[in-house]
Amino acid sequence: MTRSADAQNVERCLKLGRAGGRNRWVALLVGGGLFCAPAVACAQGAVQAVRGAAEAAVAGAADADAGTRAFVIADGSLALEAPPGWKRVQPKSGIVETEFSIPSADAATQAGRMTVMGAGGSVQANIDRWYGQFTQPGGGSTKDKATTKTMKIAGCTVTLVDIPGTFKDMPAGPFAGGQAVDRPDYRMLAAIVETPEKGNSFLKFYGPAATVGKHSEGFRTMIESMVLAGQK
């Protein structure tokens with residue numbers, strides 16, 4: 001429940017309390033939200049019903065949040081669910097199928113971004129292109145700093161890539177042109193999902209190293225939990 005809704009419930013309790021004489025009203029804290037109930041109901045044990053209804057409302061909100069975090073790739077053949085707290089947003093580029101904004105590590109750090117799209121080219125060609133989007137302090141090799149890992153998930157070959165360094169950000173997209181913006185101390189976690197019949201899908205999560213580090217386990221869990229669409 002939002003802060004404004006909490007404030008509205010408290011105000012309602014105060015108004016009912018003033019108007020109700022002896023039938024006072026109280027605010028109940030349930031699941032992080034405030035709900036209003038008659039004090040007499042509390043005394044009679046009816047608060048159980050009020051609490052149950054409130055908890056059901058909170059659970060319903062959680063289910064709705066999970067629904068917005070669920071998405072599919074490879075023409076709808078594979079299903080994934082983004083971690084809690086990740087917000088689905090309108091893609092900034094027309095070639096991006098699905099996009100999420102990831103909470104920043106702290107107030108002084110920018111949020112992260114995850115894009116999901118299908119694309120051509122070999123796995124290695126795309127990894128090499130990502131290497132070219134990073135430079136290293138002191139002029140070292142990005143390939144030497146990066147790590148890759150290959151695994152089998154839901155019958156697909158999945159390559160995980162982890163790249164640190166200064167990121168050459170193209171806000172309009174990698175193929176849209178325009179001026180690149182250097183982002184020092186950035187990091188990219190990416191997954192390339194190879195399917196037998198639906199081509200390759202690319203999931204890229206990048207942002208400040210602190211933000212990506214904070215959510216790295218969530219990203220890996222999301223990838224490793226990928227299933228065929230329709231399965232749970």
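Every read-out reported here was derived from the displayed coordinates using simple, explicitly stated rules and does not represent laboratory data. From a predicted model like this one, the values you see are computed outputs, not experimental measurements. No Cβ is skipped: glycine too gets one built from the backbone with ideal geometry, and neighbour counts run over all protein chains shown.
A Förster distance of 30 Å, applied to the separation of the beta-carbon atoms of residue 228 and residue 109, puts the FRET efficiency at 0.25. Using the alpha carbons alone, the radius of gyration of segment 113-232 stands to its Kirkwood radius in an Rg to Rh ratio of 0.97. The magnitude of the dipole of segment 74-228, with charges of +1 and -1 set on the Cβ of Lys/Arg and Asp/Glu and taken from the Cα centre, is near 160 debye. Ordering 217-223, 198-204 by mean Cβ neighbour count within 10 Å, with the highest value first, yields 198-204, 217-223. Ranked by the mean number of other Cβ atoms within 10 Å of their residues, highest first, the peptides 77-85, 184-192 fall in the order 184-192, 77-85.
Which entries of 92/152; 168/214; 92/149; 92/168 have Cα-Cα distances beyond 19 Å here? Among 92/152; 168/214; 92/149; 92/168, the Cα-Cα distance tops 19 Å for 92/152; 168/214; 92/149.
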